[in-house]
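Single-structure report; data block below.
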Amino acid sequence: MGLRRVRAVFFDLDNTLIDTAGASRKGMLEVIKLLQSKYHYKEEAEIICNKVQVKLSKECFHPSKSCITDLRTSHWEEAIQETKGGAANRKLAEECYFLWKSTRLQHMTLAEDVKAMLTELRKEVRLLLLTNGEQQTQREKIKACACQSYFDAIVVGGEQKEEKPAPSIFYYSCDLLGVQPGDCVMVGDTLETDIQGGLNAGLKATVWINKNGMVPLKSSPRPHYIVSSVLELPALLQSIDCKVSVSA
């Protein structure tokens, strides 16, 4: 009684469906080449990129105070000045930022096997893309990987009042698809947002994509299921539905 089959799957985007981290690394390598060949920064080029990576990981963006382009150009400007000293060099910072960004977007692609999986899944369940992040940045990624046609709806955290793990963004997503939380599965690579959010909203199940076999902290949210690749999802969804049938 009260047991329900999966009717909808919510997918995270970054490092779940697309290799954002890998694309970012390729962008950094292009900037290192630029700094070394055009500006003759030798070991400083890598130091600058490492500093930017740290700044990105600690980034706090407030749309009311600045735009994401200005903020991220400032990361590069600060990293160059911290490494090389002297006056701030906004022009070089802009050159580095736009090279990193354009290279990163070029490498944000949906793999063919992921496209095939989404196409097949959508024949059986409704699919929604649920991604945290600043509106412009996430929309650029969505356009770059051309994933819109694989989903019934797309929800970007930066366009909502709250992002994952707040329950409200999950309830909004459910309303878009006309389903209940108990009908839905959340799939993502981040315990603190994807998994915790799915648990907070009372979804049917949460699936953690743990590509690197990471051992979570004891205090971390506990997903219902753990897989090493998003491509394992169809078989997992079948087993979840089979459990419902057996229980019924």
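The values are calculated or read from the model by the stated rules, or taken from the named source; none is laboratory data. Just so it is clear, the model here is predicted, and its values are computed rather than measured. Remember, those area values only see protein heavy atoms, side chains included, never the ligands or the DNA or RNA. Shrake-Rupley method; radii C 1.70, N 1.55, O 1.52, S 1.80 Å.
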Flag if C49 is open to solvent by less than 40 Å² (accessible area, probe 1.4 Å) and either within 25 Å of the chain's Cα centre (by Cα) or under 30 Å from L129 (Cα atoms) (or both) | yes
Restricted to the range 193-248 and to residues being in a loop (DSSP other than H, G, I, E, B) and basic (K, R), the residue nearest to Q180 (Cα to Cα) is K204
Enumeration of residues in the range 162-192 that are open to solvent by less than 30 Å² (accessible area, probe 1.4 Å), of a type outside the set (K, R) and outside any helix (DSSP H, G or I) = A166, V179, C184, V185, M186, V187, G188
Which one is nearest to C147 (Cα to Cα) among residues in the range 13-41 that are β-branched (V, I, T) and outside any loop (DSSP other than H, G, I, E, B)?
-> I18
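How many residues does the range 75-102 contain that are open to solvent by less than 30 Å² (accessible area, probe 1.4 Å) and either among the small types (G, A, S) or not assigned by the TED database to the domain that holds N50 (or both)?
So the answer is 2.
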Counted residues, the range 57-116 - those being closer than 30 Å to L231 by Cα, assigned to a helix (DSSP H, G or I) and modelled with pLDDT of 95 or more | 12
